[in-house]
Every structure is written in structure tokens, then in C-alpha cells.
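Novice: Structure below; questions to follow.
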Amino acid sequence: MAALVRPSIPILFFGDDERYLASPRRVVTVGLNPSRIEFPEADRFERFPAAREIDPEAPALDLYLKALRDYFRERPYNAWFRPAFEPILNGLGASYYDGATNAALHTDICSPLATDPTWSRLRAGRGPLSADGIDLWHRLVERLAPDVTLISVARLHLDKIRFAKLDGWQTLHTIQRANPFAVQAIRFRVTPDKPTLLVFGRAANLPFGTVSTRDKRLIGAGVKETLDA
């Protein structure tokens, strides 16, 4: 497929899954698919140096997982991750980066494959990519069993989530302004004995893109209060 960034690797998740699984509170964030910027033209594996050692003819799982786990310790796409979800994670007591009690992971619901153009501008090929990618994302989330999942995409993408709903949408937090910003939440069952709180806010150029850093921290604190109740 011409739109796929090559060379590259599928990014099943961004972050240290071992630290995530050991965290007192498991937090996952969700986008659509990886940016082409994850694989810079000058050095495709600058952000995933362990992937340089992977032989495409005999891929090694340990090297692949190391590349994913070390992402936020190498040269992450900070211009996206730090302003997007990180302030909300901090309000929750979590972070993508080392040092927090709770290690968060980022995932993509449509595909783990980077494309150029971006998903919103991609026309040909979205169907086959998302057919596989959405199924894979659901299997991944079942394995990760998050306590809370943060998503900020066009609302139509919420229909891609197939987990059983445990209740209806509720407004969790409202930022009062000329154009009020509502943060909504719903509970899904991701495994037979594991519900997750899904938190949604509309996106702009970035997730929660029209919300200030201060308000994002307040959103995170409000989510934490809901989980602690």
C-alpha cells in the first residue's frame, strides 16, 4: 500500500508495558494511527533504535518489544505527546515518562501502521487497514485491561468501540467558556471481570486541543476523583 511509511514497524503501543502492568492504576490513551513523524526521513528508526537490529526475514519479538518499551526514553514525538494527553495523565497521577507511580500507554484504534498522509486525509486503503487494526486494538485492550481509557478523536470514531456498555454517557467535567467544552464518560466491560472508564473529549489539531494545560490537569484530577469514589 503506497500510503504506508517505509521502512517502519507496527506500533502496537507506545510505552513500557511492563511498568504499565505493574502500575496501581492502569491508564491507556487512544488515537487513530501513528504519525509519519514517528519515522523521520533522515533516520527512520531514530525513535525506535532497537528496531534497527530487527531482521525483516526473521523478526525477533524481544527486539520489537524493546523498541516499543523504550520509546519515551529515546526521542519521542514530544511535540504531540506532551501537550496532548500528558497534562491529563499528570492530573491522574500517571505519565508516559519514567518517574510517575502509574505508567501510561498510548494505543491507536484504527491501525498500528504509520501512514502518509495522516488518517483523516487518507482515502484509499483505510478500509482494509482499519478492519485489521480495530480487531487488533480490541484484543490488545482486553490484554491490557485498563482502569481508564482516554480518547479524543472525531466522535464518529467512538462507534468503532465494540465492548459492551455498562451504562450511558455522562458529563464528567465541563469547562465553562463561550463554547463550553464537555468531558464525557461511559463504562465498558473489556473482560468478564474488568470494567474500564472511557473518557472522551472532542479533538482539534491535537487531542483535547482547545483545552489549556491547566484545564487538562483539572480534567485528569476529576477523572481520578471519579475512579477513587
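The values are calculated or read from the model by the stated rules, or taken from the named source; none is laboratory data. The structure displayed is predicted, hence computed values, not measured ones. Please note: Cβ atoms are built from the backbone with ideal geometry, for glycine as well, and neighbour counts cover all protein chains shown. Ligands, DNA and RNA are excluded from the accessible area calculation, which covers all protein heavy atoms including side chains. Shrake-Rupley method; radii C 1.70, N 1.55, O 1.52, S 1.80 Å.
Novice: In debye to the nearest 20, how big a dipole does segment 90-209 give about its Cα centre with +1 on each Lys and Arg Cβ and -1 on each Asp and Glu Cβ?
Specialist: That gives a dipole near 400 debye.
Novice: Please list 215, 228 from largest to smallest accessible area, probe radius 1.4 Å, with all protein chains kept in place. Can you show the working numbers first?
Specialist: On the way: 215 30, 228 85 Å².
My answer, sorted largest first, is 228, 215.
Novice: Here is a follow-up. Going through the cross-link list 66/216; 160/224; 66/160, which pairs have a Cα-Cα distance over 27 Å in this structure?
Specialist: 66/216; 66/160
Novice: Now for a different question. Heavy atoms only, probe 1.4 angstrom, no DNA, RNA or ligands counted: give me 35, 212 ranked by accessible area, highest first.
Specialist: 212, 35
Novice: I'd like the accessible area for residue 157, computed on protein heavy atoms only with a 1.4 Å probe and all protein chains in place. Round to 10 Å², please.
Specialist: About 20 Å², ignoring ligands and nucleic acids.
Novice: Set Lys and Arg Cβ to +1 and Asp and Glu Cβ to -1, take the dipole of the chain about its Cα centre, and tell me which of 178, 14, 168 lies farthest positive.
Specialist: The Cα lying farthest towards the positive end belongs to 178.
Novice: Work out the charge dipole of the chain with +1 on the Cβ of Lys and Arg and -1 on the Cβ of Asp and Glu about the Cα centre, then indicate which of 79, 210, 31 is farthest towards its positive end.
Specialist: Of the candidates, 210 comes out farthest on the positive side.
Novice: If I ignore ligands, DNA and RNA and count only protein heavy atoms, how much of residue 160 is accessible to a 1.4 Å probe, in Å² to the nearest 10?
Specialist: Rounded to the nearest 10, the figure is 50 Å².
Novice: Under a point-charge model restricted to the Cβ atoms of Lys and Arg (+1) and Asp and Glu (-1), what is the dipole moment magnitude of the chain relative to its Cα centre, in debye to the nearest 20?
Specialist: Values: 31 positive and 27 negative charges, 172 e Å.
The dipole magnitude comes to about 820 debye.
Novice: Okay, moving on. Residue-wise, which Karplus ³J(HN,Hα) couplings in Hz belong to segment 209-226, taking 6.51 cos²θ - 1.76 cosθ + 1.60, θ = phi - 60°, and x for glycine or proline?
Specialist: x, 9, 9, 5, 4, 4, 5, 4, 5, 5, 4, x, 5, x, 5, 4, 4, 5
Novice: Cross-link partners among aspartates and glutamates for residue 165, C-alpha distance below 18 Å, same-chain residues fewer than 8 apart left out?
Specialist: Qualifying aspartates and glutamates at Cα under 18 Å: 135, 142, 147, 193.
Novice: Starting from the Cα of residue 158, step 7 Å toward the Cβ, then list every residue of segment 77-95 with an amide N under 20 Å from that point.
Specialist: So the set is 85, 88-89.
Novice: Where is the GNM fluctuation largest for the chain (alpha-carbon springs, 10 angstrom cutoff): 26, 69, 123?
Specialist: In this elastic network of the chain, the residue with the biggest mean-square fluctuation among 26, 69, 123 is 123.
Novice: Another one. Say each of residue 12 and residue 57 gets a label point 7 Å from the Cα, pointing the same way as Cα to Cβ; how far apart are those two points in nm?
Specialist: Those two pseudo-labels are separated by 2.4 nm.
Novice: Give the peptides 85-97, 142-154 in descending order of average Cβ contacts within 10 Å, highest first.
Specialist: Packing order, densest peptide first, comes out as 85-97, 142-154.
Novice: Next question, about the same structure. Suppose all protein chains stay in the model; what accessible area per residue would a 1.4 Å probe give for the chain, in Å²?
Specialist: Accessible area per residue, the chain: 48 Å².
Novice: How many nm separate the modelled label positions at residue 189 and residue 42, each set 7 Å beyond the Cα in the direction of the Cβ?
Specialist: 5.2
Novice: So, in Å, what gap is there between the alpha-carbon centers of segment 108-142 and segment 169-202?
Specialist: Value for the Cα centre distance between the two parts: 23 Å.
Novice: Residue 145 label point, 7 Å along Cα→Cβ, cut-off 16 Å on backbone N: hits in segment 183-206?
Specialist: 188-197, by backbone N distance to the label point.
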